[in-house]
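Reading through the structure tokens given below for one structure.
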Amino acid sequence: MEDFEGDCSLSLSSLICLEDESCFDDEEESKKELSFSLNASVPMENDDEYIKMLVSKEENLEIKDNRCEEDCPNDRWLKCSRFSAVQWMLKMRTFFGFHVQTVSLSVTYLDQFLSRRAINEKGKSWAIWLLSIACLSLSAKMHESEVPSFLDYRVEEYEFERKVIQRMELLVLDTLEWKMCQVTPFVYLNYFISKFTNEAGVKASESEAVELILATMEVVNVMSYRPSVIAAAAVFATSNQRLTMKLIEFKIGEMSSCGPLKAEHVFSCYNLMLELEERRLKMLKNEISPDLQLTETSSMDDVLGDDSFTFVGTKRKRVILNSCARDRCLVDKE
């Protein structure tokens, strides 16, 4: 894994996108993805084969197990920093009116970048925010017809020059090998709703599933589960039924298009979503109680469900990172 520190000397040649015929295939698939996500909830006859193809391609995705992160102090700091970053992305989605695919893709970029490059705790909190802005900006360019300027992406603690954000975008592109057309859980959502729920509950289930996926992304690395698994689990979690592993396995088995979809992975993600929803409802109950004052620290602990994640109140200071600092903040390989 590469370290996010030292001097960066990314050459122009290393940032050139090397295109071949597969790049054009990816472009066509991204157009299909957008078209599919905007279609009505009831799938067309050829959607079965398309979904089967998408699920099959996910077999090549890198999946990360979050359970191995708990013992490393830097990972605990990074988990909290990621939580704040994703919350900021969700706020920016509301502020700018972005599509859900935009914020989902930006979180995917964030998690993939962090899985390949290390950001140390000491003196690097600004790096998380710079990375967050770059990921959201790149995602907006992929999905939005109107893209905000760099200076419109604001965080409370820092101000970044346009050139600094632009340089960080190039670093993200290089790290992800320019593979920016990626599938999100929302591509599958309408299809799974039409297959797994009755027609009367489709509309309500869709909005609930969207919110549940967004809430899950706040605290769960999206690389822990494949997009199709997250989408299926969200549909099952909003079905107002308590499902068993066997029942989920039966429902998935009825669909030939979901052949590569692993029922045990869906069941694991399903249970996680139910647990997160229970914590959220508990937090809401405590928040409206006149005898309890919910603090930022307690809400974070409740959401993450980990005693090791606590925050010490500190006075925020505004830091302006300009192009002079930029040359000291980019990447060296280990």
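The values are calculated or read from the model by the stated rules, or taken from the named source; none is laboratory data. Remember, predicted model here, so these are calculated numbers, not experimental data. Every residue, glycine as well, gets a Cβ built from its backbone with ideal geometry; the counts of neighbours run over all protein chains shown.
Assess whether Thr108 counts as being in contact with a strand residue (DSSP E or B) (Cβ under 8 Å, 6 or more places away or on another chain), of a type in the set (S, T, N, Q) and touching a residue at least 40 places away in the same chain (Cβ under 8 Å). It is false that Thr108 is in contact with a strand residue (DSSP E or B) (Cβ under 8 Å, 6 or more places away or on another chain), of a type in the set (S, T, N, Q) and touching a residue at least 40 places away in the same chain (Cβ under 8 Å). The listed residues are Gln182, Gln166, and the only one of them that is at pLDDT below 90, under 28 Å from Leu130 (Cα atoms) and not hydroxyl-bearing (Ser, Thr, Tyr) turns out to be Gln182. Where helices (runs of 4 or more DSSP H) fall wholly inside region 137-248, the ranges with 1 or more residues that are surrounded by fewer than 15 Cβ atoms within 10 Å (Cβ to Cβ) and without any contact (Cβ under 8 Å) to a residue 12 or more places away in the chain are 202-219. In region 144-193, of all residues being in contact with a Phe, Trp or Tyr (Cβ under 6 Å, 6 or more places away or on another chain) and of a type in the set (Ser, Thr, Tyr), the one that is farthest from Ile252 (Cα to Cα) corresponds to Tyr158.
Can you spot a residue in region 301-317 that is in a helix (DSSP H, G or I), modelled with pLDDT under 70 and under 30 Å from Glu161 (Cβ atoms)? Among the residues of region 301-317, not one is in a helix (DSSP H, G or I), modelled with pLDDT under 70 and under 30 Å from Glu161 (Cβ atoms), which makes the answer no. All of Glu218, Glu249 fail the test of being charged (D, E, K, R) and closer than 30 Å to Ile133 by Cβ, apart from Glu218.
Filter region 249-277 for residues that are of a type in the set (Ser, Thr, Tyr) and within 15 Å of Asp48 (Cβ to Cβ); which is surrounded by the most Cβ atoms within 10 Å (Cβ to Cβ)? Of everything passing the filter in region 249-277, Ser257 is surrounded by the most Cβ atoms within 10 Å (Cβ to Cβ). Please tell me if Leu110 is farther than 23 Å from Val220 by Cα, part of a helix (DSSP H, G or I) and not charged (D, E, K, R). No; evaluated as a whole, the condition is false for this residue.
Restricting the first member to region 85-103 and to residues that are free of Cβ contacts under 8 Å to residues at least 24 places away in the same chain, and the second to residues that are in a helix (DSSP H, G or I) and crowded, with 24+ Cβ neighbours inside 10 Å, the beta-carbon pairs closer than 6 Å and six or more apart or on different chains are Arg93/Val103.
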